[in-house]
Amino acid sequence: MLKAPCVNAQDTVLEIGPGKGALTQKLLQSGAKVIAVEKDRDLEAFLKDKFKDEIAKGQLVLYIKDIRDFVKDNLPKESYKLVANIPYYISGEILRMFLTAHNKPASITLLVQKEVAQRVVDNKESLLSLSVKFFGIPKLIKKVPAQCFAPQPKVDSAILHIELKSSLPYLDLQEEFFAVLRAAFASKRKKLINNLASICNKKVILEFFKGHNIKDTARAEELNLEIYLKLVSFMKNRCLK
C-alpha cells in the first residue's frame, strides 16, 4: 500500500481509520507527513501515546472524527495522497466523496473487498467502474486472501490503486455524464436503448448507435468510457437539459 502510490518524504498522506497504527507507522517511516482520521474515540489515547514524538514534531496530525464529517471542512489544501484500510460497507461512499471532492487526492489506495476492486477495473463496465474511470485510472495491485487477517473475514480483499487524472478535458460534461450513467444502468435486464429512452428520444440514440457501429441490442455494460463520453456529448444538445 506504500509502494503503489510511491509514498515518500515529500508527500502528505491522508489515512482513514488508523486503528492501532500499523499502517500509520509504515507511512511515518517513509518520511511523509500523515493526517490520520480515526472515528473510534477509544483509540485516541492509545494513538496519541504511540505516536507522541511524531505528533510533537508535526509529522502526524491526528483527528478523532468520522471521515464523512472531516471531508466537509478539513481536507488538506496542499496536494495529498489517500491511503487507507476502510470499512468495506462504506467503500463506495468513500470513493464518491474523494473523487468529487473540491480538493481531490493525487491518488487513492484502498484495501477493499476483492469483488469491489475487480468490478472497478473490469472491462465489463458498471456504474461504479465508469464513475471511477471518469476521474482516474484504476489498477488492482494485489489480492489479499482472507487467511491473512485475524480474525479471518468471510471475504477476500484486494489493494485498489487509482491514479487521478491531472486534467479532465470533459469536465464540462460531468453533470450530464452521470445523469446518462444513472439512466443507462437503471435496469440491468433492459437493453441500453430502452433505459436511455427515459431521458432521450430513441431516434437520437439510434442515430448515435449507427454512427459508432453499436448494436441496438447492446447492454449498458458493453460500452466503455470513451464511447459513453461521445454519447453524452452527442446527446447534450439534442435531448439533455
Starting from residues that are touching a Leu at 6+ places or on another chain (Cβ under 7 Å) and assigned to a loop (DSSP other than H, G, I, E, B), keep the ones in region 163-198 and report whichever is farthest from SER79 (Cα to Cα). PHE185
Inside region 138-162, the number of residues satisfying the requirement of being of a type in the set (D, E, K, R), out of contact with any Lys or Arg (no Cβ under 9 Å at 6 or more places or on another chain) and either surrounded by 17 or more Cβ atoms within 10 Å (Cβ to Cβ) or assigned to a strand (DSSP E or B) (or both) is 2
Members of region 118-148 that are more than 15 Å from the chain's Cα centre (by Cα) and without any contact (Cβ under 8 Å) to a residue 60 or more places away in the chain: LYS142, LYS143, VAL144, PRO145, ALA146, GLN147, CYS148
If I filter region 188-201 down to residues being loosely packed, with under 13 Cβ neighbours inside 10 Å and touching a helix residue (DSSP H, G or I) at 6+ places or on another chain (Cβ under 9 Å), which single residue comes out as modelled with the highest pLDDT? SER198
Please work out if LEU23 is buried (at least 21 other Cβ atoms within 10 Å of the Cβ), over 24 Å from the mean Cα position of the chain (by Cα) and not β-branched (Val, Ile, Thr). no
Would you be able to tell me the number of residues in region 65-92 that are part of a helix (DSSP H, G or I) and of a type in the set (Val, Ile, Thr)? 3
Search region 44-67 for residues being in contact with a helix residue (DSSP H, G or I) (Cβ under 7 Å, 6 or more places away or on another chain) and of a type in the set (D, E, K, R), and hand back the single one that is farthest from GLU163 (Cα to Cα). LYS48
Can you give me the number of residues within region 208-238 that are free of Cβ contacts under 8 Å to residues at least 24 places away in the same chain and either surrounded by 15 or more Cβ atoms within 10 Å (Cβ to Cβ) or outside any loop (DSSP other than H, G, I, E, B) (or both)? 7
List, please: which pairs have Cβ atoms under 6 Å, are six or more places apart or on different chains, and start with a residue in region 55-73 that is in contact (Cβ under 8 Å) with a residue 40 or more places away in the chain and end with one that is assigned to a strand (DSSP E or B) and β-branched (Val, Ile, Thr)? ILE67/ILE16; ILE67/VAL37
Checking VAL132, VAL83 in turn, the sole residue that is among the aliphatic types (A, V, I, L, M), more than 27 Å from GLU222 (Cβ to Cβ) and not assigned by TED's automatic domain parsing to the domain that holds ARG189 turns out to be VAL83
Any chance region 105-112 includes a residue that's touching a residue at least 60 places away in the same chain (Cβ under 8 Å), within 22 Å of PRO138 (Cβ to Cβ) and either more than 17 Å from the chain's Cα centre (by Cα) or loosely packed, with under 13 Cβ neighbours inside 10 Å (or both)? no
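The values are calculated or read from the model by the stated rules, or taken from the named source; none is laboratory data. Keep in mind that this is a model prediction, so the values were computed, not measured. Cβ: placed from backbone, ideal geometry, glycine included. Neighbour counts: every protein chain shown.
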